[in-house]
1. Could you check the range 96-121 and list, in sequence order, the residues that are without any contact (Cβ under 8 Å) to a residue 60 or more places away in the chain and crowded, with 17+ Cβ neighbours inside 10 Å?
2. Quick check on this structure: which one of 73, 40 is crowded, with 16+ Cβ neighbours inside 10 Å, without any contact (Cβ under 8 Å) to a residue 60 or more places away in the chain and either out of contact with any strand residue (DSSP E or B) (no Cβ under 9 Å at 6 or more places or on another chain) or under 28 Å from residue 93 (Cβ atoms) (or both)?
3. Among helices (runs of 4 or more DSSP H) lying entirely in the range 1-61, which contain 2 or more residues that are at pLDDT below 75 and closer than 20 Å to residue 85 by Cα?
């Protein structure tokens, strides 16, 4: 806070703790890449943008993915993955997103899988996944 030239109290006027600040940063940054573009670009392009974004901000997100317990980034990130998976299922799988048990299972399963894939990529445990392969896997088709 010293290097930012603000007092501790000024920080706490805006954020409850550092986790709320991290959530705010994530919300603002990723909203630009996913939520704001859901209706305008394809699921494939959104996946490309997502991995490009994480490549550019890798050091920051390595630390965020390491936070465990209450207010962890990973649980928050899954909700963004769910939006993207829902779009992919509608766009490429021609699946109506309803509240059936099967649809909820598909969304949960693939949202968690995508979050794990992104986390592994950010932590340099896997290469960048190919969007086409991810899409085919999400909609349940074997890639050619």
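1. In the first step, residues of the range 96-121 are kept if they are without any contact (Cβ under 8 Å) to a residue 60 or more places away in the chain; the result is 96-117, 119-120.
Residues satisfying the conditions are 106, 107, 110, 111, 114, 115, 117, 119.
2. Numbers: 40 fails: crowded, with 16+ Cβ neighbours inside 10 Å.
Going through 73, 40 in turn, the sole match is 73.
3. Working: elements: 8-14, 18-33, 43-56.
Answer list for the range 1-61: 18-33.
The values are calculated or read from the model by the stated rules, or taken from the named source; none is laboratory data. Just so we're clear, the structure is a prediction, and the values are computed from it rather than from any experiment. So basically every Cβ, Gly included, is an ideal-geometry build from the backbone, and we count neighbours across all protein chains shown.
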